[in-house]
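Encoded as structure tokens, the structure appears first; notes follow it.
The values are calculated or read from the model by the stated rules, or taken from the named source; none is laboratory data. Worth saying up front: this structure is predicted, and the values here are computed from it rather than measured. So basically every Cβ, Gly included, is an ideal-geometry build from the backbone, and we count neighbours across all protein chains shown. The area values use the complete protein model at the heavy-atom level, side chains included, leaving out ligands, DNA and RNA. Shrake-Rupley method; radii C 1.70, N 1.55, O 1.52, S 1.80 Å.
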Amino acid sequence: MRLRLTPEERRFSERAADWLTHNLPGELRPPSGVAMAEFDRAWQRRQYDGGWAGVSWPKELGGAGLSLVEQILWFEQCARFDAPDAGVFSIALGHAGPVLIVEGTDEQRGAHLDPILRGDEVWAQGFSEPEAGSDLAALRTRGMVDGDDLVVTGTKIWTTHALHSDWQELLVRTDPGASRHGGLSFAVVDLRSPGIEIRPIRAMDGGTHFAQVFYDSVRIPVRDLVGGLGNGWRVAMTTLGFERGTMTLGMVIRLRTLIDRVTDLARTRVDGRGRPLLSNDEVAARIADLAAEGVALHALALAFVSETKRTGVPGAAGSMIRPFYAELSQRVKETGADLLGRDGLTVDGTDDAQRFVPPYLYSFAHTIGTGTSEVQRNVIAQRVLGLPRG
Ligand SMILES: Cc1cc2nc3c(=O)[nH]c(=O)nc-3n(C[C@H](O)[C@H](O)[C@H](O)COP(=O)(O)OP(=O)(O)OC[C@H]3O[C@@H](n4cnc5c(N)ncnc54)[C@H](O)[C@@H]3O)c2cc1C
């Protein structure tokens, strides 16, 4: 699947390739910890200084003011050059910033958008709770209005990058008497506020990518509510629209590059008789399936982009991309780890093992984070296909 490009768009791609040739970081991204976050901040800052941060964000809000097509071309060049991804900026760039662009006040946009693009503000998402994941509207973290502040008490869990974040999107219950969805509000909170405690959670790949966050009478200025009091559900759905749709776009493009890498692996690694693994019919068929599904997923993502371009806001169709991406991504990474044979049994062995094994272990999370595949199938059934609730 290729876009038919105008001469300007072709020039844009060439400029992007030229910039990446001269500006990629010289060292590998550290796998975890403060060093990893510092690496991501420096890489984001470098893109900002080069004029490549927020390609499709409005110019007056600090972005480059270009179209989603140019955003895709930038993602394509980044994938081609194996540039580091957004890392700890994934939430800030993927949905916190876009939500503020659509729903925020001028003051909120002024306070956060430029710092995000500049690499100064890392964001986390505080939606899920121990008893409210798929059923998000069951959340109980309380926000009581007290004068000019919201006083928040409760807990959020599975908060990605919480340890490295400066700010957080926070969904709280401000009116327990209202309907489940009507009583929610969406605020942005400074994670260094008094009363916040962040406890890391270790995942099976060894990293502490997420944490549980506790709030004990945390005061958040009412002016930091996004979309106004009681409108949290609407803002949360806009957030998930960006998260499941446009944010996944760059990941889809990178996945296609990874499928090429798996194919290279099958070409270069040999079986016990010295024949390339790709000469085995089963391996070849497995890789052909991955490649065909990669093309189909890419086409779906591009169709979604053109719909978003038409309507201005990502719709429920984004829910079709996310589970397709998540499940294909798991199979691509599993195939890579399988082809490594014994080398695939360690996380820190050969370069290939480092490339495939930790992502394979982490890929189990893809069908849970951002909403489980089952729940997204419900969304597709009800909101895209218009089927009745079961
Ligand atoms: C890697 C990762 C990163 C995450 N990052 C964040 C983050 O930054 N911020 C944040 O707020 N949350 C985050 N989450 C949490 C994530 O959104 C939740 O884990 C997810 O919504 C599922 O909720 P749960 O874990 O409570 O599972 P549950 O909701 O308890 O679901 C358990 C099982 O029941 C199934 N199920 C539940 N309801 C239905 C239904 N109606 N129909 C069919 N099946 C159903 C689910 O599919 C699942 O298999 C992250 C999760 C992961 C894995």
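Miscellaneous remarks
- Overall form of the stretch 245-384 per C-alpha gyration tensor (a/c, 1.5; a/b vs b/c): prolate
- Packing rank of 43-55, 114-126, where each peptide gets the mean count of other beta carbons within 10 Å, highest leading: 114-126, 43-55
- Protein accessible area in the stretch 123-230, 1.4 Å probe - carbon and sulfur %: 50 percent
- Axial C-alpha extent at least 30 Å, average Kyte-Doolittle at least 0.0 - helices from the chain (DSSP): 246-268, 281-311
- For the peptides 223-232, 324-333, residues were scored by their other Cβ atoms within 10 Å and the scores averaged per peptide; the highest-first order is 324-333, 223-232.
- Under the Karplus curve 6.51 cos²θ - 1.76 cosθ + 1.60, θ = phi - 60°, whole-Hz ³J(HN,Hα) for the stretch 169-175, x wherever Gly or Pro sits: 7, 10, 9, 10, 8, 9, 9
- Across the stretch 206-216, rounded Karplus estimates of 3J(HN,Hα) from the backbone phi angles (6.51 cos²θ - 1.76 cosθ + 1.60, θ = phi - 60°) give x, x, 10, 6, 10, 8, 9, 10, 10, 10, 10 Hz, Gly and Pro being marked x.
- Per residue, in Å², the accessible surface of the chain once ligands and nucleic acids are set aside, probe 1.4 Å: 47 Å²
- For L24, residues with placed amide H under 5 Å, excluding near neighbours: none
- Over all pairs of different C-alpha atoms in the chain, the reciprocal of the mean inverse distance, the Kirkwood hydrodynamic radius, equals 22.0 Å.
- From phi via Karplus (6.51, -1.76, 1.60), per-residue ³J(HN,Hα) for the stretch 139-154 in Hz, x at Gly/Pro: 4, 10, 4, 9, x, 9, 6, 9, x, 8, 10, 9, 9, 10, 9, x
- Charge tally in the Cβ shell below 13 Å around G63, where Lys, Arg are +1 and Asp, Glu are -1, G63 excluded: 0
- Dividing the convex hull volume of the alpha-carbon atoms in the stretch 24-100 by its residue count gives 91 Å³ per residue.
- Local electrostatic count, R383, Cβ distance below 14 Å [Lys/Arg +1, Asp/Glu -1]: +3
- Residues of type lysines that K59 reaches as a straight line, Cα spacing below 30 Å, ignoring anything fewer than 8 places off in the same chain: K309
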